[in-house]
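Visitor: Just dropping this structure here.
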Amino acid sequence: MDALVALTDRVSVPRLVAPAPDAAQRELLFQAALRAPDHGQLKPWRFLIIEGEGLVQLGELFAASLPVDSAPELLNKARNMPLRAPLMVVVIASVTEGHKVPVQEQVLAAGCAAHAMLLAAHAQGIGAVWRTGDMAYNPNVLTGLGLQANEQLVGYLYLGTPEKEPRTAPRPDITPFVKAWPLV
């Protein structure tokens, strides 16, 4: 797929089924991630691959991270969240504190790595969606996933086969978002 087509046509695909990306497709996803802009060549990211029984275990971690008096339907919803796709990649910003490259730039680089993975997925016909929500910031979840004090969860990338044909990307007018400077 042409790079500009991937950039302008990519959409989130929330309804995903098996099969998950195969080994060759995953290799391309991670190769794309490692080409993200990276001031200082710090590679301020790492990734966790979760699939199969790991998705069930993550659902249990999500449920266990809710308040103890949570309603059963909320617990079930939390348990089922990871099961929305056959493969999840957890994108983690692993920053170097006190480096000349500010922490914010390092986190943005990890976000660019996640975006590169989404584009590589789209280019290969893999359905993907980037999610965060409360479970991306819950201290119990972050500990359970093994994040260290210098790390932030950037997002959960859900990957799989689109359940149905992905929607067509909208073509918004760029005018409201682009202005010449100096402003008049």
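Visitor: Taking the Cβ of Val91 as the center, what net charge do the other residues with Cβ under 15 Å away carry, scoring Lys and Arg +1 and Asp and Glu -1?
Guide: Around Val91, the surrounding residues sum to +3.
Visitor: Where in segment 98-184 are there trypsin sites (Lys or Arg not before Pro) that are in a DSSP coil and have at most 16 other Cβ atoms within 10 angstrom of their Cβ?
Guide: Listed in order of number, the matching sites are Lys100, Lys164, Arg167, Lys179.
Visitor: Does segment 1-42 classify as rounded, prolate or oblate by the C-alpha gyration tensor (a ≥ b ≥ c root eigenvalues; a/c under 1.5 gives rounded; else a/b over b/c gives prolate, otherwise oblate)?
Guide: Oblate, since a/c reaches 1.5 and b/c is not below a/b.
Visitor: Separate question: May I have the extent of the alpha carbons of segment 41-184 along their three principal axes, as whole Å values ordered from largest to smallest?
Guide: Its Cα atoms span 56, 46, 31 Å along the three principal axes.
Visitor: Can I ask one more? Could you tell me which trypsin sites (Lys or Arg not before Pro) in segment 18-54 are loop residues by DSSP with no more than 15 other beta carbons within 10 angstrom of their beta carbon?
Guide: Arg35
Visitor: Where a ≥ b ≥ c are the square roots of the eigenvalues of the C-alpha gyration tensor, would you call segment 17-67 rounded, which needs a/c under 1.5, or, failing that, prolate if a/b is larger than b/c, or oblate?
Guide: Oblate, because a/c is 1.5 or more while a/b does not exceed b/c.
Visitor: Here's a follow-up. Note down the net charge around Tyr158, summing +1 for each Lys or Arg and -1 for each Asp or Glu among other residues with Cβ under 9 Å from its Cβ.
Guide: +2
Visitor: Turning to a different aspect of this structure: Treat each spin label as a single point 7 Å out from the Cα along the C-beta direction, and report the Thr96 to Thr175 distance in nm.
Guide: 4.6 nm
Visitor: Can you show me the helix-derived [θ] at 222 nm for the chain, built from DSSP H runs with n ≥ 4 at -39,500 (n - 2.57) apiece and divided by the number of residues, rounded to the nearest 500.
Guide: Helix-only estimate at 222 nm: -11000 deg cm²/dmol.
Visitor: FRET efficiency for Thr143 and Asn80, Cβ-Cβ distance as r, R0 = 25 Å, nearest 0.05?
Guide: In this case the efficiency is close to 0.70.
Visitor: In whole Å, how far is the Cα centre of segment 127-184 from that of segment 39-101?
Guide: The two parts, judged by their Cα centres, are 13 Å apart.
Since every read-out is calculated from the coordinates, none of them should be taken as a lab result. These numbers were taken from a predicted model, which means no experiment stands behind them. Reconstructed Cβ throughout: ideal geometry from the backbone, glycine too, with neighbour counts over all protein chains shown.
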